[in-house]
Each structure stands twice: as structure tokens, then as C-alpha cells.
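Throughout, read-outs are computed from the coordinates displayed, never taken from laboratory work. Since this is a predicted model, take the numbers as computed values, not measurements. Glycine also receives a Cβ, built like all others from the backbone with ideal geometry; neighbour counts cover every protein chain displayed.
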Amino acid sequence: MHELPRQELTKGEGLKAVIVVFPGSNCDTDCFHVLRDVLKIPVEFVWHKQGKLPQCDLVVLPGGFSYGDYLRTGAIARFSPVMQDVKRHAEAGRLVLGICNGFQILLEAGLLPGAMLRNRSLSFICKPVWLRVENNQTPFTRKFQSGAILQIPIAHGEGNYFCDNDTLKGLEDSQSIVFRYSAQTGELGDEFNPNGSLGHIAGITNAKRNILGMMPHPERASESLLALTDGRALWESLV
């Protein structure tokens, strides 16, 4: 039996969140800490075999290595029983946030377009990177200034975002590219693109703006104890 710490959802107004836990998730407790202890948001864990989500406003698919990244990252997790209800949650216009492996799962599940390839270097990369905010008119970015430069860590081996030309044009035309890898000055260039992502893409939304997938980890940059705080505004935007 998989034992999970639990924080019951409480009655009242405000955001209510759940964090889906898959076999191999390892950033679930980080997200839980930020939501419950830093932002004071009611939150609970949901095990992947659970077929129905509790009542909530936000579903977080955390980082990690779901199912050991067998076949492809996120390829098996997309078939977990809970994902059918995650899809219904998203179709109802409620919020879904996929971070790193969670982003990969959203792509495999067809909730966001595109796919993830191996990093250009063919090696795992774990370090803070610079991001440029491309669209601050989403529920996830409203607390950021447009064009703001953020420092948030990445930790992945398959974060090289790819899609066909028509999909890329659609993302650009609909302003669905939310974050791009950049220099600290905001300049774009291959030398500032840690994994080779097409269009320097670090995060995208769907057309309705209620689903965000991003490779960087905002939960690792949300309190001064970690020396990085730029990710906190993402969670505050949701509140």
C-alpha cells in the first residue's frame, strides 16, 4: 500500500489543489510544501490508481520519473486511471499544471501539442536557467510582467521540445508559448537554450489557457531559503 501524507480539502473560498502521484514521482512533496506551507492553499495528494479526482480547482502533475520513464517519458503514465478524470477536469475549463515529467505526461496524453526529445547534449541537465515570460495573460502568469526574466531550475534528460511547423505556427499565433529559454538580458540564442528546444520553448499553454506545461521547476524557486524566488509568482498568479 502506498502511504501518502494527506491534507484534506477544507470548505470555503479560494483555490483548492490536488497533486497526482505516479510511481516514480519525486517532486510531489516539493509542490505540496509550496502550496500548503508557503502559499497556505488547501491541497491533497491523489494516487494515480484513483479513478476520480476530489473536488478541486487545480490539478498538478509533478516532476519525477513516472514508471521509470520506460518506453518514453510520460508514455505509460498517460494510461493511469486518474488521467481520464484529469482530462474531464481540463475539458471543464479547470486548471492543470504539468511540471517537467508532468509536462511530458500532458504531451503524451494529448492535452498539449508536441513531444519531448532527448536533450541535445544527450545528458541529464540540472541547473538554474533564465526564462523570458512571453505571455502574462494566463491564469499561471498574471503576476509576472510581460518580458520579465526569471531564474528557475531545470532537471531533465528529455526536455527538448519538438513539434511540426504547423503546430509551432499555431502556438505562436495563439500566443500559447508562455516561457522561452533566454539569456539573463532576455536575448534568445542557441547558447542560452539548454536542451535544444524548438523555438527556445520552455513552457506552453493550450488555446483556452487553463493547461500549462513547463519544464523548469517553479516549486524549487519559491522561497528565499532556496535562494531562488522567481517561481513563487506563478503559484501566486493561481491564487
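Mind sorting Val239, Val18 by how few other Cβ atoms lie within 10 Å of their own Cβ, fewest first?
Val239, Val18
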Margin query: Going by amide H atoms built from the backbone, whose H comes under 5 Å of the H on Phe65, apart from near neighbours?
Written below: Ser25, Asn26
Next item on the list: Could you please rank Thr205, Thr73, placing first whichever residue has the fewest other Cβ atoms within 10 Å of its Cβ?
Entry: Thr205, Thr73
Checklist line | Length released on extending from Glu236 to Arg94, taking residue separation times 0.36 nm less the Cα-Cα span | finding: 49.5 nm
Margin query: Can you give me the long-range amide H partners of Trp130? Hydrogens built in the peptide plane at 1.01 Å from N, cutoff under 5 Å, separation of 5 or more residues or another chain.
Written below: Ser182
Item checked: Whole-Hz ³J(HN,Hα) from phi, Karplus 6.51 cos²θ - 1.76 cosθ + 1.60, for segment 195-208, glycine and proline x -> 10, x, 4, 4, x, 6, 6, 10, x, 9, 10, 7, 5, 7
Notebook entry, point to check: Under the classification rounded if a/c is under 1.5, otherwise prolate if a/b is larger than b/c and oblate if not, where does segment 134-239 fall, given a ≥ b ≥ c as square roots of the Cα gyration tensor eigenvalues?
Noted result: oblate
Item checked: Charge-dipole axis of the chain as Lys and Arg at +1 and Asp and Glu at -1 on Cβ define it, positive-most pick from Gly98, Ser80, Ala109 -> Ser80
Notebook entry, point to check: Using 7 Å Cα-to-Cβ label points, what is the Asn165/Arg120 separation (nm, one decimal)?
Noted result: 2.0 nm
Notebook entry, point to check: Given only helices, namely DSSP H runs of n ≥ 4 each adding -39500 (n - 2.57), what is the per-residue ellipticity at 222 nm of the chain, to the nearest 500 deg cm²/dmol?
Noted result: -4500 deg cm²/dmol
Check: In the structure displayed, which of Lys87/Lys208; Lys143/Lys169; Lys52/Lys143 lie more than 20 Å apart, Cα to Cα?
Finding: Lys143/Lys169; Lys52/Lys143
Next item on the list: Only Lys, Arg, Asp and Glu count, each charged at its Cβ (+1, +1, -1, -1), so figure out the dipole size of segment 17-238 about its Cα centre, rounded to 20 debye.
Entry: 380 debye
Checklist line | Cut-off 12 Å, label 7 Å out along Cα→Cβ of Ser146, residues of segment 162-193 by amide N | finding: 175
Next item on the list: Give the value in nm², to one decimal: projected area of the alpha carbon convex hull of the chain, averaged over all directions.
Entry: 12.2 nm²
Check: By counting other Cβ atoms within 10 Å of each Cβ, how are Arg209, Arg88 ranked from fewest to most?
Finding: Arg88, Arg209
Next item on the list: Under 13 Å from a label point 7 Å along Cα→Cβ of Ala227: give me every residue in segment 115-148 with its amide N that close.
Entry: 127-129
